Amino acid sequence: MILTVTPNPALDLTWRVDRLVEGGTHRADAGAARAGGKGLNVARVAHAQGAPVLAVTTAGGRVGAEFADELSASGVPHVLVPVAAETRRSIALVDESAGDTTIVNERGVSPSDAEWGAVLAEVVERLAAAGVLVISGSVPPGTPEALLPMLIAVARDAGVPVIVDTSGPALLRAADAGATVLKPNAAELAEATGIDDPVHAARTLLERGAELVLLSLGADGMLAVTDDELVHARLDEPLAGNPTGAGDAGVAACAVLYAEGERDPETVLRRATAWSAAAVLMPLAGDISPRWTALAQHLRVTRPDPALFRKDPS
């Protein structure tokens, strides 16, 4: 089973407009509302691909009630810890003419210590049945710094590998706590480490305790970085669409393979890159196109010189 934790869930609201104009007024058809947050997107993708999952997250307030109703209707197995704070919202504006998406994320409100304790208890209770733990997404302001290391520690004590997709100082704490896999994008990695060279930055996370870094490069694909391997996968041409759930789909691919006992970096990278690309073709985060198998066959996979990814090759 894939057990996911979403520390900062959101009700995702998506509108599509013909053309997004800064400062302008726009008309759109009725938008879509979906229970989201990175960990839930991971659970949705894995569940749709037939993997057993259980998503643990929180819900609170009026928005949380709508969030809970949509999640129940989705059929994704889940546990919701009730909290006093209102569940946040995330707004995606898809520009049809430009083929890109503008996102506004509310920051969220941290649950109380007792509410975080309830989340941790739910995770501990279910770890015995889990093949992998995924902790994915931001943490709301005011979240105890010990939360992420505690979640990683209880999973490691249970012999369960941990995949973490987060940013900022939390990314470094996850590495220090011994997360098995980290999945930042290039901007998140540079911000967290202060290092512009992505391969060097990824290897500092390995030195801190991670075993594998899956580094999203947007249209340039994805890198798998270990102590002794560097593998790059990409499509020859970038895909137009909605990239908001692409990274989550990549995490889902990694989680499915890790739950099955697969650890080969190139195998994980191929599936993660194909699922990420397939997510771009779908209108909402949490879905991937059935074309992913065809996309996987068209990947260009190489073992490049690390210098190729430096901003200043000199």
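The values are calculated or read from the model by the stated rules, or taken from the named source; none is laboratory data. Source: prediction; values computed, not measured. FYI the Cβ positions are ideal-geometry reconstructions off the backbone, even for glycines, and counts take in every protein chain you see. All accessible areas refer to the heavy atoms of the entire protein, side chains included, with ligands and DNA or RNA removed. Shrake-Rupley method; radii C 1.70, N 1.55, O 1.52, S 1.80 Å.
If you check GLU106, GLU115, GLU86, GLU96 for being open to solvent by 20 Å² or more (accessible area, probe 1.4 Å), farther than 22 Å from ALA33 by Cβ and of a type in the set (D, E, K, R), only one passes: GLU115. Residues of the range 272-314 that are aliphatic (A, V, I, L, M), in a helix (DSSP H, G or I) and either touching a residue at least 40 places away in the same chain (Cβ under 8 Å) or open to solvent by less than 20 Å² (accessible area, probe 1.4 Å) (or both): ALA272, ALA274, ALA277, ALA278, ALA279, VAL280, LEU295.
For every residue, the table says whether it meets (1) under 19 Å from MET282 (Cα atoms); (2) open to solvent by 10 Å² or more (accessible area, probe 1.4 Å); (3) at pLDDT 95 or above.
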position	(1), (2), (3)
LEU3	no, no, yes
THR6	no, no, yes
ALA55	no, no, yes
ALA73	no, yes, yes
HIS78	no, yes, yes
SER90	yes, yes, no
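Scanning the range 94-115 for residues that are farther than 24 Å from VAL83 by Cβ and either assigned to a strand (DSSP E or B) or among the acidic types (Asp, Glu) (or both) turns up VAL94, ASP95, GLU96, ASP100, THR101, THR102. Taken together, the residues in the range 208-230 that are among the hydrophobic types (A, V, I, L, M, F, W, C) and surrounded by fewer than 22 Cβ atoms within 10 Å (Cβ to Cβ) amount to 3. Counting the residues of the range 189-207 that are surrounded by fewer than 20 Cβ atoms within 10 Å (Cβ to Cβ) and touching a Ser or Thr at 6+ places or on another chain (Cβ under 8 Å) gives 4.
Beta carbons closer than 9 Å, at least 6 apart along the sequence or on distinct chains, pair a first residue in the range 44-56 that is over 23 Å from ALA121 (Cα atoms) and assigned to a helix (DSSP H, G or I) with a second that is modelled with pLDDT of 95 or more and acidic (Asp, Glu) for VAL45/ASP248. Within the range 96-127, the residues that satisfy the criterion of being more than 24 Å from TRP15 (Cβ to Cβ) and either in contact with a strand residue (DSSP E or B) (Cβ under 8 Å, 6 or more places away or on another chain) or modelled with pLDDT under 95 (or both) are VAL109, PRO111, GLU115, ALA118, VAL119, GLU122, VAL123, ARG126, LEU127. The number of residues in the range 18-42 that are open to solvent by less than 20 Å² (accessible area, probe 1.4 Å), in contact (Cβ under 8 Å) with a residue 60 or more places away in the chain and more than 11 Å from ALA92 (Cβ to Cβ) comes to 5.
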